[in-house]
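Working notes, structure below.
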Amino acid sequence: MTNTVLETGKSSFQSAADQLPSTSGIVLHSPVLYDFTVWLAFLGKENLFREKVLNVGRVATGEFVLDVGCGTGTLAIAAKKRVGTAGIVHGVDASIEMLATAKKKATKAGVEVFFKSGVAEALPFPDRQFNVVLSTVMLHHLPQKARLQCAKEIRRVLQPDGRVLVVDFEGFSDQKRSILSHFHRPHGHVRAQDLADAGLNAVNRMKLHILTRRHWMFLTAFCLLIVVHLLAFAICCHIPAYRVRFL
């Protein structure tokens, strides 16, 4: 397999996407915005987060790994470095734009990862193929019914003794309402019961902490600074002395 996207009027990803079943979930189409958002959210510590995910998932040499909702491929590439040449890593996503960027990243990293167009509700893989299935910050993009179907698909492609690692936003109890909970409400959250309903038994649950309180304070201040600059720019644009006119 090469890491080149063939062009025949349409890319190979575009041709595959034309034949995809529809998804009721949210599909992201801007890899640049996605990568910037991730970088901003983790203050440049995305690689640390990915490594921690792989450690928790106990991804080992020679295993077959699937990343569902792989985005721009950072986790799948890191997983491939873990499993080595004896292992195989697949990444699946409904966004052809994300997959194109993921393939470029894999080429740059010098690793072979198989990226494929597909939707989470109908994974394009045979039964019992993978030792490990990963899903990071993706399931909350799916409505309840599609989330259950995705969990069933993950169970289908997983080997009997396989492992699933889901990292996502968890719901807040009434006692823990906060600004963050209101921010995630329109996005949705994932409950352990959502996976249990599909026959996936939770053997371990934990919270992944990457950023400290100081980092969150810095991130908040940075965002406020951007807002202030945008407001200042907007005000200046409405003052005649600052207008620039092109004749």
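The values are calculated or read from the model by the stated rules, or taken from the named source; none is laboratory data. Every value quoted in this text rests on a predicted model; they were computed, and no experiment measured them. Here the Cβ positions follow ideal geometry from the backbone for every residue, glycine too, while neighbour counts run over all protein chains shown.
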Could you tell me which numbered condition A100 fails, if it satisfies all but one of (1) aliphatic (A, V, I, L, M); (2) buried (at least 22 other Cβ atoms within 10 Å of the Cβ); (3) in a helix (DSSP H, G or I)?
(2)
From (1) in contact with a Lys or Arg (Cβ under 7 Å, 6 or more places away or on another chain); (2) surrounded by fewer than 21 Cβ atoms within 10 Å (Cβ to Cβ), pick out the condition that doesn't hold for F42.
(1)
Filter the stretch 32-80 for residues that are over 27 Å from A146 (Cα atoms), part of a helix (DSSP H, G or I) and in contact with a helix residue (DSSP H, G or I) (Cβ under 8 Å, 6 or more places away or on another chain) and give the result.
W39, L40, E46, N47, E51, A78, K80
Selection within the stretch 83-96 - buried (at least 20 other Cβ atoms within 10 Å of the Cβ) and either touching a helix residue (DSSP H, G or I) at 6+ places or on another chain (Cβ under 9 Å) or in a loop (DSSP other than H, G, I, E, B) (or both):
V89, H90, G91, V92, D93, A94, S95, I96
On the given criteria, is V244 at pLDDT below 75, out of contact with any His (no Cβ under 7 Å at 6 or more places or on another chain), in a loop (DSSP other than H, G, I, E, B) and more than 22 Å from G44 (Cα to Cα)?
yes
Within the stretch 132-241, which helices (runs of 4 or more DSSP H) (wholly inside it) include 1 or more residues that are surrounded by 13 or more Cβ atoms within 10 Å (Cβ to Cβ), modelled with pLDDT of 70 or more and touching a Pro at 6+ places or on another chain (Cβ under 8 Å)?
144-157
Subset tally (residues that are modelled with pLDDT under 85 and over 17 Å from L75 (Cα atoms)) for the stretch 30-39
0
